[in-house]
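Step one of this worksheet: look at the structure below.
Just so you know, all these numbers are worked out from the coordinates, no wet-lab data involved. Keep in mind it's a predicted model, so treat the numbers as computed, not measured. Every residue, glycine as well, gets a Cβ built from its backbone with ideal geometry; the counts of neighbours run over all protein chains shown.
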Amino acid sequence: MTETTLKPRHFASDNYAGICPEAWQAMAEANCGHAPAYGDDAWTARASDAIRDLFETGCEVFFTFNGTAANSLSLASVCQSYHSILCHETAHVETDECGAPEFFSNGTKVLLMGGEEGRVVPSEIERMVKKRSDVHYPKPKAVSITQSTELGTVYSVDQVKAVWAMCKKHGLKLHMDGARFANAVASLGVSPKEITWQAGVDVLCFGGTKNGMAVGEAVVFFNLELAKEFEFRCKQAGQLASKMRFLSAPWVGMLKDGAWLKHAGHANAMAALLEKELRAMPSLKILFPRQANAVFVELPPAKAKAVRDAGWRFYNFIGAGGCRLMCAWDTTEEDVKKLAWDIAAA
Ligand SMILES: *Cc1c(COP(=O)(O)O)cnc(C)c1O
């Protein structure tokens, strides 16, 4: 496969997409002249204020280069080395971060739970906590949930609150991996505060990259106690950008007129269209309820190969035949129709 036979846009991941106009424009504006380094600039102050406005609370905000760092460092701020983090077995912190949460917390163990459709179940949290309480086992200290989940589903406000209730009962902190937080908010139609601090979230990793930025995630502490000395953690981990304004300015552009939500809503709508097209093909099986910007479909290997040979890229995981088709801020209806056509023809 040469680059020229590849399609202009893919369904592999929302991080295949480029930079959306609002983020690009803000970076261009931030590029006019000199500004103080390491976050002491006006863009970073504005971006932090914009995030506080969005969540309607006085949260502490930090900007990191990527989600692995945001998750790992925020979890490290919750846990001591002898603690454990409870998460779903498909969670990015477990499956896609190369042990970074354990590494940056100096050994905190990640413990896995099952749960339908990629969601953590409160009763499982309790089972894990009660399983052992002796000194020989790492003490559960945090629950990490992913919103939207790795399987393209979302937690409703009530589902997050149910997790929170169990966390409160057992003295656990609640971490939210929001690499696709925007898609979840767009899907649920709730205000950001309802699904975060009002539902017990102590710290949110708010994804910028997959929403349409070049690079960067915001670590948002609603529990201010946990934010203490977090800038030192970022610096030590190589996550303090010296030209910080280029990480923070895109947030100003994205949040100013609601571009973040518009782009996420569009990606979700494209996934809904794709789902509809695929459901019209009776031989195909959709694997999970589509609630955000991903569609999971079972494609026989020969069919998947034919679709790839037609120039499309997408990931296979969740067992043989499970293909993830992910829509981005710039996915077009035409892309979706062409992909569906190639799937039908394969
Ligand atoms: C993409 C993603 C991240 C962040 O990954 P990085 O490559 O480290 O930026 C975190 N969590 C989830 C669920 C993701 O999909």
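Annotation note: trypsin sites (Lys or Arg not before Pro) in region 113-164 located in DSSP loop regions with a Cβ neighbour count of at most 13 within 10 Å are Arg132. Using Cα-Cα distances under 8 Å and only pairs 6 or more residues apart, what relative contact order does the chain have, in percent? After rounding, I find 25 percent.
Ordered by the number of other Cβ atoms lying within 10 Å of each residue's own Cβ, fewest first, Ile125, Ile286, Ile85 fall into the sequence Ile286, Ile125, Ile85.
Dipole size of the chain about its Cα centre, with +1 on Lys/Arg Cβ and -1 on Asp/Glu Cβ: approximately 640 debye, rounded to the nearest 20. Report summary: the helix-based calculation at 222 nm, which adds -39500 (n - 2.57) for every DSSP H run with n ≥ 4 and divides by the residues of the chain, gives -12000 deg cm²/dmol. The ranking of Phe103, Phe206, Phe65, Phe232 from fewest to most other beta carbons within 10 Å of each one's beta carbon is Phe232, Phe103, Phe65, Phe206. Taking Lys and Arg as +1 and Asp and Glu as -1, the other residues whose beta-carbon sits under 10 Å from that of Ser187 total +2.
Using the Cβ-Cβ distance between Glu117 and Tyr16 with R0 set to 30 Å, the FRET efficiency works out to roughly 0.75. Compute the Cα gyration tensor for the chain, then decide on rounded, prolate or oblate, letting a ≥ b ≥ c be the square roots of its eigenvalues: rounded whenever a/c is under 1.5, prolate when a/b is larger than b/c in the other cases, and oblate in all that remain. Oblate. Derived scalar couplings between HN and Hα for region 112-126 equal 9, 10, x, x, 4, 6, x, 9, 6, 9, x, 5, 5, 4, 4 Hz in order, rounded to whole Hz, by the Karplus curve 6.51 cos²θ - 1.76 cosθ + 1.60 (θ = phi - 60°), x for Gly and Pro.
Taking trypsin sites (Lys or Arg not before Pro) across region 182-265, the ones in a DSSP loop with at most 16 further Cβ atoms lying within 10 angstrom of their Cβ are Lys193, Lys228, Lys243. Comparing Gly115, Gly171, Gly212, which has the greatest mean-square fluctuation in the GNM of the chain with Cα pairs linked when under 10 Å apart? Residue with maximal mean-square fluctuation among Gly115, Gly171, Gly212: Gly171. With neighbours defined as other Cβ atoms within 10 Å of a residue's Cβ, the residues Thr146, Thr90 order from fewest to most as Thr90, Thr146. The length gained on full extension between Arg132 and Thr332, counted as 0.36 nm times the residue separation minus their Cα-Cα distance, comes to 66.9 nm. Tell me which aspartates and glutamates have Cα within less than 17 Å of Lys276's Cα, excluding those fewer than 8 residues away on the same chain? In chain and number order, the partners are Glu298, Glu333, Glu334, Asp335, Asp342. Think of the chain as having a plus end and a minus end, set by charges on the Cβ of Lys, Arg, Asp and Glu; of His136, Gly152, Ala264, His136 sits farthest toward the positive end of this dipole. Fully extending the segment from Asp158 to Val190 would add 10.3 nm, taking 0.36 nm per residue of separation and subtracting the current Cα-Cα distance. Site pair Ser242 and Ala28 shows an inter-label distance of 2.7 nm when each label is modelled 7 Å from Cα along Cα→Cβ. Note: relative contact order over region 54-153, using C-alpha pairs below 8 Å and six or more positions apart, is 33 percent.
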